[in-house]
Ligand SMILES: [Zn+2]
């Protein structure tokens, strides 16, 4: 081969290689956010006193979800108001790739436990959650989710079982959990039960108001509330609109009546479901709904001045990868690599007094221990 021919072939190969490497090896989906929402800059409080902590969990939300949502909303997210960021290692006691049971238990109770366990240690012994510890110190506590309350993440904060699939047994633990405010779906396992129990009646006997519609909840001005307006999960974002934000703010205003402060967990529950089903359109709707809820919560916290807000995830779901897109058009092209959870550190975002404690790389359980220390629980 002559030198000239060799050079021509080399140039041809060099020209082709980048083009080949840009092709994704998985089937991609495209999503365009037609109507981007405005995002404001929030001034963080100047004081150092921490009276309340709000822990927000995007179930299955990784940096890829955040960056995809950021691209879809034309380079804007409320989440960008976070002052400090960190990375959380999510592996559980007996598996590298965790689930919501063990992943949420690490955040709620501070211990790595076995896959599929909720609110118990590796020996099946019940653990105290941040809700329980807050109550023991005279603070109030609450949980707000868009899924059924017997799903793993909310259960991690109130219930105890080695098997997250024992949902009808798990849900009975809410009667003795003691949270001051609960909002979520899943009424079908609270009543008409095979064991004859009616958990709403039992909750009422413990002093709870048990509204079954948003309108009934909206009228409540004080006292303990257990609101379960849906038989299973709450409806999709296009139908429920800003329900997660409304239910969260309602809870914040109720819990804030306690002069000693509160702990609240808010979950964007269904990012995980659409990661499992590899549905990019619904996944982005849920992620953007969660971000808008974050915006409302950060605004509330900034006004309050003594509230620390942490936003994180329990694990990643779907192996989401952004392979192409357009910031100006709000267009994203993504692939999924699995229908299950994947192994990756998840981001931690912090806003408000004490936020500086959440930078760095640490275990998911450290998020519990940091919150416990900062709230003096
Ligand atoms: Zn999860």
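For the range 162-184, filtering for residues that are touching a strand residue (DSSP E or B) at 6+ places or on another chain (Cβ under 6 Å) and within 16 Å of the ligand (Cβ to nearest atom) leaves 3. Could you tell me which residue of the range 98-126 is surrounded by the fewest Cβ atoms within 10 Å (Cβ to Cβ), considering only residues that are in a loop (DSSP other than H, G, I, E, B) and within 11 Å of the ligand (Cβ to nearest atom)? Filtering first and then ranking leaves 99. Taking the range 264-377 and the strands (runs of 3 or more DSSP E) fully enclosed by it, the elements with 2 or more residues that are modelled with pLDDT of 95 or more and under 30 Å from residue 46 (Cβ atoms) are at 307-312, 346-351, 360-363. Looking only at the range 127-150, which residues are part of a loop (DSSP other than H, G, I, E, B) and more than 25 Å from residue 293 (Cα to Cα)? Matches in the range 127-150: 127, 128, 137, 138. For the range 47-69, does any single residue satisfy the condition of being in a loop (DSSP other than H, G, I, E, B), within 16 Å of the ligand (Cβ to nearest atom) and at positive phi? Looking for residues that are in a loop (DSSP other than H, G, I, E, B), within 16 Å of the ligand (Cβ to nearest atom) and at positive phi, one finds at least one in the range 47-69, hence yes.
Considered as a group, the residues in the range 304-319 that are surrounded by fewer than 24 Cβ atoms within 10 Å (Cβ to Cβ) and within 13 Å of residue 51 (Cα to Cα) include one that is farthest from the ligand (Cβ to nearest atom), and that residue is 305.
For residue 33, state whether it is surrounded by 14 or more Cβ atoms within 10 Å (Cβ to Cβ) and under 30 Å from residue 181 (Cα atoms). Judged against the criteria, residue 33 is not a match.
Is it the case, given these coordinates, that residue 91 is over 17 Å from residue 157 (Cβ atoms), in contact (Cβ under 8 Å) with a residue 60 or more places away in the chain, out of contact with any strand residue (DSSP E or B) (no Cβ under 8 Å at 6 or more places or on another chain) and within 16 Å of the ligand (Cβ to nearest atom)? Criteria met by residue 91. Give the residue, chosen from 293, 287, that is more than 16 Å from the ligand (Cβ to nearest atom) and buried (at least 24 other Cβ atoms within 10 Å of the Cβ). Matching residue, one of 293, 287: 293. Which ones in the range 239-274 are within 16 Å of the ligand (Cβ to nearest atom) and over 30 Å from residue 342 (Cβ atoms)? The answer is none; no residue qualifies. Looking only at residues in the range 151-161 that are part of a loop (DSSP other than H, G, I, E, B) and without any contact (Cβ under 8 Å) to a residue 60 or more places away in the chain, the one that is farthest from the ligand (Cβ to nearest atom) is 160. With respect to residue 347, determine if the residue is surrounded by 19 or more Cβ atoms within 10 Å (Cβ to Cβ) and under 21 Å from residue 285 (Cβ atoms). Yes: the conditions hold for residue 347. The residues of the range 187-212 that are touching a residue at least 12 places away in the same chain (Cβ under 8 Å) and under 28 Å from the mean Cα position of the chain (by Cα), listed by number, are 187, 188, 189, 190, 199, 200, 203, 208, 209, 210, 211, 212. Inside the range 173-214, residues that are in a strand (DSSP E or B) and either buried (at least 20 other Cβ atoms within 10 Å of the Cβ) or in contact with a helix residue (DSSP H, G or I) (Cβ under 7 Å, 6 or more places away or on another chain) (or both) make up a count of 5. In this structure, does residue 225 turn out to be within 19 Å of residue 290 (Cβ to Cβ), surrounded by 14 or more Cβ atoms within 10 Å (Cβ to Cβ) and at pLDDT 95 or above? So residue 225 fails the test.
The values are calculated or read from the model by the stated rules, or taken from the named source; none is laboratory data. Quick caveat, the model's predicted, so the values are computed rather than measured. Glycine also receives a Cβ, built like all others from the backbone with ideal geometry; neighbour counts cover every protein chain displayed.
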